[in-house]
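Accompanying notes for the structure given below.
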Amino acid sequence: MKELYKIVRDFLTIENAEDMALMLKNQVQGKLGDDQVPKSHSTGNFPALNILLGSLISKVSEITGKELLPTYSYARIYLRGAELKVHKDRPSCEYSVTVNLSHSHQWPIYMGENKVLLNPGDAVVYKGCEIEHSRKAFDGEEYIQVFFHYVDANGPYRDHMFDKQTIMLNTSKHEYVIRFDRPSHNQVNYYKFDKFIADIVIDKLVERLSKEELSEARVGDGPDGEIIVSTRRAKIFWIPRTVEFMELYKTLAKGIQECNGNFYNFKITEITEQIQYTVYNEDDLGHYDWHLDMGENKAERKLSLVLQLSDPSEYEGGELQIKTGFGELTAPKEKGSLILFPSYLLHRVTPVTKGTRRSLVLWISGPSFV
């Protein structure tokens, strides 16, 4: 790339841009600002974005004409009044990509003196250390954007790979970022078992769990009960790892091992969390909006597991939907079916409009992907 910057239309599909924007809105809000742009919500090296950082290496290398290495990702949700002062970037941002994911109002980025307008999915690829760039005060409501940063593998800043964070090179994090440059279909799909557990076993389990007091669950609750992001209405009970439930843990572990060995081949280590018994009722339109399970503080989650406990005749709605590499898929609802999928896939449970949906949820951990 001889020029200092290049506009790339449709760098991401509008669907991918919308997915990323929704993910960030659900996961990042509540963490206000950084030193450079105080009027924003921001996050660095968000797990799902770092996976995308790796998957885009070939594309950005082709655009720049350079063999590139990844350094880090960074995302912001800009708020009214946000301003990006004129600046050049540090060496880890030798080649950078800024992508518009979503906006309430158009907001130009200036490359030098040139004003550039981007629609969702559009990007600017630029030499961050060489060209000054900035944004004037934002007069809209919201602008969601992500940076992907790279260095020339044969250039003076090649030692800035992963932003010189050696911890990324001492674990499988490095391996997985690079591996996702050539993802297999397995890594963007879900795996299912039909009738994984017999009805009679499920009925006894539900009867036992019905005696427990269930707590309300609202994701995004802040201090003093303030709701930052209300995305879920459900009742839950955490099943302890006691002798009474040990056979259940062992049974699910066998399914996890078979699925991972035959399908994903992720590096997983153990079940570190308790099984969650989840109940969605029609009375409160029980649901869980689009989200992913590996948030900023849960990067070690590798696989998510959902076991259906209710017969489809017992409720309406309450569909588990997963955004996979093949589009938005609805998982089977049959009683006893077991669904496993990578924890970086967006998914939701649609509102239950009649009856009650019961399920078990569990997460499997391992070395972080990114």
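The values are calculated or read from the model by the stated rules, or taken from the named source; none is laboratory data. As the structure is a prediction and not an experimental result, all values here were calculated from the model. Note that each Cβ is placed from the backbone with ideal geometry, even for glycine, and that neighbours are counted across all protein chains shown.
This table checks each residue for (1) of a type in the set (D, E, K, R); (2) touching a helix residue (DSSP H, G or I) at 6+ places or on another chain (Cβ under 9 Å).
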site: Tyr74; (1), (2): no, yes
site: Gly81; (1), (2): no, no
site: Pro108; (1), (2): no, no
site: Val116; (1), (2): no, no
site: Pro120; (1), (2): no, yes
site: His133; (1), (2): no, no
site: Lys136; (1), (2): yes, no
site: Tyr143; (1), (2): no, no
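Would you be able to say whether some residue in region 293-312 is assigned to a helix (DSSP H, G or I), farther than 24 Å from Arg357 by Cα, of a type outside the set (Gly, Ala, Ser) and at pLDDT below 90?
No: region 293-312 contains no residue that is assigned to a helix (DSSP H, G or I), farther than 24 Å from Arg357 by Cα, of a type outside the set (Gly, Ala, Ser) and at pLDDT below 90.
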Practice task
Please work out which one of (1) touching a residue at least 60 places away in the same chain (Cβ under 8 Å); (2) part of a loop (DSSP other than H, G, I, E, B) is the condition Tyr288 fails and give its number.
Solution key: (2)
Exercise for the section: Could you check Pro183 against (1) assigned to a loop (DSSP other than H, G, I, E, B); (2) modelled with pLDDT of 90 or more; (3) within 23 Å of Ala331 (Cα to Cα) and say which number it fails? Expected result: (2)
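Would you tally the residues in region 262-285 being part of a strand (DSSP E or B) and polar (S, T, N, Q)? Working first, answer last.
Keep residues of region 262-285 that are part of a strand (DSSP E or B), which gives 270, 275-281.
So of that shortlist, the ones also polar (S, T, N, Q) come out as 276, 278, 281.
Residues in region 262-285 being part of a strand (DSSP E or B) and polar (S, T, N, Q): 3 in total.
Tally time: how many residues in region 125-164 are in a strand (DSSP E or B) and either over 23 Å from the mean Cα position of the chain (by Cα) or under 17 Å from Val37 (Cα atoms) (or both)?
From region 125-164, those in a strand (DSSP E or B) are 125-126, 133-135, 142-152; that's our starting set.
If we keep only those that are either over 23 Å from the mean Cα position of the chain (by Cα) or under 17 Å from Val37 (Cα atoms) (or both) too, we end up with 125-126, 133-135, 142-147, 151-152.
Residues flagged as in a strand (DSSP E or B) and either over 23 Å from the mean Cα position of the chain (by Cα) or under 17 Å from Val37 (Cα atoms) (or both) within region 125-164 amount to 13.
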Practice task
Give the number of residues within region 41-58 that are among the aliphatic types (A, V, I, L, M) and out of contact with any Ser or Thr (no Cβ under 8 Å at 6 or more places or on another chain).
Solution key: 4
